[in-house]
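> Quick one: structure below, then a few questions.
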Amino acid sequence: MTTVALDITSTGWVTTFQDLGRRDTEQRGVPTGGAADQHSAAVANLLVGNPRGATLIENLGGELALVPDADVLLAVTGAPAEVTVGGGPVDGWTPLVVPAGEEIRVRADMSRGTRTYLAVNGMLTAPTLLGSAAPDARMGFGQLLAPGARVLVETEFRGFGRRVFEPPLFRLAVPVPRFEEDPWVVDVVASHSIHTIPGIRELIEDSVYVVTPRSNHVGLRLAGPVMHPDSDAEIVSHGVPIGALQIPHADELIVLGRYRSLTAGYPIVGVASRAALPLLGQAGPGRELRFRWTGRETSLRRFARREAQVHALGHAAAEAFGALGFTAPLSHAI
Amino acid sequence: MTTAQYGVITVEPFGDSAVMVTIPHTDQAIRRAGIVAFRDRFLAHRPHGVLDVVSGLESLLIEFDPLQTALPHVEYAARLVAQWAPSPQDDGAGARAVRTFAIPVVFDDEHGPDLASVAGELGMASSEVVEAIAGSTFTICLLGAAMAPMMDGLKVPRPVRRRAEPRTDVVPGSIMIAGTNAIIQPFPGPTGWRVVGRTPHTIVDISRPDPVSFAAGDIVRFVPVAPDEAGAVDGRFLLPVEEPA
């Protein structure tokens, strides 16, 4: 193992340490949190031989740039982005070697998605709260990275010593999501309180909703037509799944994110399909969304298909890295 | 303390990988006590594939990994736990002893800006509201956002309403009430609850491995103190009352 320093030379609007979130903390009032686009975060880690839940860097907007003081193996995933190493263009969604002293720059195309993920082979040194490096702004755990910060990574990567004309080392089947033109279609499973608002099902299905700038990690606030229940029946504080579609008193629709808390008083008409959550994590202001009601079984089949691809990538990456002589933390915990 | 009778539960699917458990009973007290007992039992006999649970005042959201288990299994396990599993207390093992807290609070118009309006609403003097709060024994029913202890047990003539306009930024340590509940604000933030006082203690300290010293089921009393007494506490981390050995 060697310790490599990554000197952060530029950060986006919000650049933080990140992972897939906390486990077993929701029962104690702390949302799981973690990467808004869990698929991209998991794949970034697998591409560099890390367990999928390893700590990485999440960048929202702007440009992330850093310079390592030794060769590092890293991968950039998430929204379509312009990625350069030492000024030359390189690919996202694949393992990359950034030589010592060279700068990697990542600029996402904000018209196509909001967040990028940068994973580095090894273990990033980052503070944790309740076992996770994921930020929790509400508890004063910001995990923000700023230009000038120096991030340390424990890695066993020592370079591959390959020449440029040799074939690529890795030909992995990488499940790269499509970042399509507007509107993005989001599958939603109806929940029981949809019956308290007659007509809402058809209204939501037939409308286009636009993500407003008042959105954040707690929820996407959408402009578009809504209806409210007639009765004023009290709804006491209760937990809600990630992706819940909530209708507040105002004329807007809220899709709750990974940092939601208990909710009270507002009807929840449906919950976005698990398979759609990574896409929602990429939706920024101005993004048009359409909702498509779907059954639970169909919803889970899509999720299972996506997960099978990620799992296969994990195995392929573990084999490739194993053949190259990597051991820990390359792993098995995929 | 008697075990709430709640054998029958309602299990509703919520999205593609969660269910919501509630207790269909006309008595609110039984619904609330029952769901706490159910949560304890469910966690003590946690079925495979269950990722986490989220406690509501009268509900429990059970989140599961749909690739490791399936809706019918979770639903079946929940019903089985409700009917058959002994409570963790009965098991003797794994149960955490109930802790008791005596939390000093400054109750005045400066630290509790809603105290006067709550008193007006209840037709009482502010001092009588403070007496009612200090005379109530609260039970922590769940940890709310950012580990805020949410408690039940406020003894007032009728439930306290929430603010019509939520406050946008409430100071940490604020003691807030709504309905027959009380909660302590651990971090600055918005709330619709009525702010009636403030404790000088640090409620949640994220630099500690376990950021809080309390858990659901613990007992809380609020002890009115003068501002200078509160000042002497100097933000110390909140600890339970020492139990006599």
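Rule-based calculations on the coordinates, nothing more; no lab input. Note that the structure is predicted; figures quoted are calculated from it, not measured. Heads up, the Cβs are rebuilt from the backbone with ideal geometry, glycines too, and the neighbour counts pull from every protein chain shown.
> Estimate the FRET efficiency between B:Gln28 and A:Val90 by the formula 1/(1 + (r/R0)^6), using the beta-carbon distance for r and 51 Å for R0, to the nearest 0.05.
The computed FRET efficiency comes out at 0.25.
> Could the peptides A:206-219, A:53-66 be put in order, highest first, of the mean number of other beta-carbon atoms found within 10 Å of their residues?
Result, highest mean Cβ count within 10 Å first: A:53-66, A:206-219.
> Send over the Kirkwood Rh of the range B:10-83, from the inverse of the averaged 1/r over different Cα pairs, rounded to one decimal Å.
12.1 Å is the Kirkwood radius here.
> To one decimal place, what orientation-averaged projected area in nm² is obtained for the convex hull of the Cα set of the range A:184-294?
Computing the convex hull of the Cα atoms and averaging its projections yields 6.1 nm².
> Expressed as a rounded percentage, what relative contact order does chain A have, with Cα pairs under 8 Å and six or more residues apart?
Averaging sequence separation for qualifying contacts and normalising by length gives 21 percent for chain A.
> Would you work out the relative contact order for the range A:124-255, in percent, from Cα pairs under 8 angstrom that are 6 or more residues apart?
Reported as a whole number, the value is 15 percent.
> Let me ask something else. Only Cα pairs under 8 Å and at least 6 apart count here; give the relative contact order of chain B as a rounded whole percent.
18
> Rounded to whole Hz and in sequence order, give me ³J(HN,Hα) for the range B:199-209 from the Karplus expression 6.51 cos²θ - 1.76 cosθ + 1.60, θ = phi - 60°, writing x for Gly and Pro.
Those phi angles translate into 9, x, 6, 7, 8, 10, 10, 6, 7, 8, x Hz.
> For the protein assembly as shown, build the charge dipole from Cβ charges (+1 Lys, Arg; -1 Asp, Glu) around the Cα centre, then report which of A:Ala318, A:Ala126, B:Leu122 sits farthest towards its positive end.
A:Ala318
> Quick one: what Rg and Dmax do you get for chain B from the alpha carbons, in Å?
In order Rg, Dmax, the Cα atoms of chain B give 19.2, 58 Å.
> Using a Gaussian network for chain A with springs between C-alpha atoms less than 10 Å apart, which of these wobbles most: A:Ala137, A:Ala317, A:Ala283?
Looking only at A:Ala137, A:Ala317, A:Ala283, the biggest GNM fluctuation is shown by A:Ala137.
> So what is the calculated 222 nm ellipticity per residue for chain B, using -39500 (n - 2.57) for each DSSP H run with n of 4 or more, over all residues, to the nearest 500 deg cm²/dmol?
When only DSSP H runs of four or more count, the value is -7000 deg cm²/dmol.
> Further question: Determine the dipole magnitude for the protein assembly as shown: charges of +1 sit on the beta-carbon of Lys and Arg, -1 on that of Asp and Glu, nothing else is charged, the reference point is the Cα centre, and the result goes in debye to the nearest 20.
860
> Choose one answer from B:Phe14, B:Phe138, B:Phe38: the residue with the largest mean-square fluctuation in a GNM of chain B with alpha-carbon springs under 10 Å.
B:Phe14
> Once you charge only the Cβ atoms, +1 for Lys and Arg and -1 for Asp and Glu, what is the size of the charge dipole of the range A:184-294 about its Cα centre, to the nearest 20 debye?
Approximately 540 debye in magnitude.
> Around A:Gly21, which amide H atoms from residues at least 5 apart in sequence, or from another chain, sit under 5 Å from its own amide H, with H modelled in the peptide plane?
Those lying under 5 Å, H to H, from A:Gly21 are A:Ala35, A:Ala134.
> Taking every alpha carbon pair in the range B:100-232, what does the distance histogram look like in 10 angstrom bins from 0, in percent?
13, 48, 34, 4, 0
> If you don't mind, another one. Taking every alpha carbon pair in the protein assembly as shown, what does the distance histogram look like in 10 angstrom bins from 0, in percent?
In order of increasing distance, the bins hold 3, 16, 25, 25, 18, 9, 3, 0, 0 percent.
> Assigning unit charges at the beta carbon (Lys, Arg +1; Asp, Glu -1) and nothing else, what dipole magnitude in debye, to the nearest 20, does the range A:49-130 show about its Cα centre?
Using Cβ point charges on Lys, Arg, Asp and Glu, the range A:49-130 gives about 320 debye.
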